[in-house]
Amino acid sequence: MSSHFFSEMEIDAIGEISNICLGNSASTLSMLVRQTVDITPPMVEIVEKSEYTKNVSSKKVFVKVNYVEGVKGCSILMLEEQDAKVIADLMMGSDGNGDFAKMDLGELHMSAVSEAMNQMMGAAATSMSLMLERKTDISTPEAKFMQDGEYLAYEFPDDDRFVKVGFKMKVGEIIDSPVVQLYPHDLGKAISDLFLIRKAKVKEQQ
């Protein structure tokens with residue numbers, strides 16, 4: 001995909017921020033599900049909404065988090081349906097293969113996933129606060145189960161370009177799946193610029 005309007009340095013900055021934030025999120029999830037959680041280094045690219053939804057057209061669990069302090073905008077975490085069910089099952093104290101993981105995705109699953117994401121993204125926001133040197137806070141996550149294109153068209157009618165952060169998440173021996181986080185283009189740009197400004201200041205002080 002084209003990195004139009006983003007320099008290589010800005011894309012690297014998003015990757016560095018995501019790596020630290022997602023690492024702390026993984027540690028939080030590990031405590032919630034009582035399993036080892038590992039993630040791969042994130043791959044960052046700029047994607048066009050029309051092209052992205054054309055190539056990815058399955059139903060997924062979307063978790064939307066609004067930033068209410070520090071930066072303006074939101075991020076979207078996309079999970080596979082079965083992964084969301086397994087995470088909910090583990091949070092309920094089962095082994096990830098219990099009856100809860102085999103049920104149709106329902107309100108209880110979504111509630112459990114929202115709670116997990118609330119704590120995970122809270123940890124990520126704390127990490128971002130340190131990296132940007134400004135307090136960053138989030139709203140309570142909203143979880144929905146929708147088709148990719150339908151969701152992005154509904155939630156982001158005026159956004160045509162996104163920063164896509166892709167990585168693989170492994171939870172014990174139960175989950176080994178790709179996960180995608182999306183930032184609207186303007187928010188991704190703002191975060192990378194703030195991070196690079198901070199890095200430049202630190203370098204000047206050395």
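The values are calculated or read from the model by the stated rules, or taken from the named source; none is laboratory data. Quick caveat, the model's predicted, so the values are computed rather than measured. Cβ sites come from the backbone with ideal geometry, for glycine too, and all protein chains shown count toward neighbours. To get the accessible areas, we keep the full protein, side chains included, count just its heavy atoms, and leave off ligands, DNA and RNA. Shrake-Rupley method; radii C 1.70, N 1.55, O 1.52, S 1.80 Å.
Is it the case, given these coordinates, that Leu105 is surrounded by 22 or more Cβ atoms within 10 Å (Cβ to Cβ) and at negative phi? Here the answer is no, as Leu105 does not meet what is asked.
So that you can scan it fast, the table gives a plain yes or no per residue for (1) in contact (Cβ under 8 Å) with a residue 12 or more places away in the chain; (2) part of a helix (DSSP H, G or I):
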site: Ala116; (1), (2): yes, yes
site: Ala123; (1), (2): yes, yes
site: Met131; (1), (2): yes, yes
site: Arg134; (1), (2): yes, no
site: Ala143; (1), (2): yes, no
site: Tyr154; (1), (2): no, yes
site: Asp158; (1), (2): no, no
site: Lys164; (1), (2): yes, no
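Within the set Glu16, Glu45, the sole residue that is touching a Gly at 6+ places or on another chain (Cβ under 8 Å) and closer than 20 Å to Tyr183 by Cβ turns out to be Glu45. Scanning region 132-148 for residues that are of a type in the set (A, V, I, L, M, F, W, C) and open to solvent by 60 Å² or more (accessible area, probe 1.4 Å) turns up just one, Phe145. Entry remark, region 174-189: residues being in a helix (DSSP H, G or I) and touching a Phe, Trp or Tyr at 6+ places or on another chain (Cβ under 9 Å) number 4 in total. Exactly one condition in (1) over 25 Å from Gly149 (Cα atoms); (2) acidic (Asp, Glu); (3) open to solvent by 30 Å² or more (accessible area, probe 1.4 Å) is false for Asp89; which is it? Against the list (1) over 25 Å from Gly149 (Cα atoms); (2) acidic (Asp, Glu); (3) open to solvent by 30 Å² or more (accessible area, probe 1.4 Å), Asp89 comes up short only on (3).
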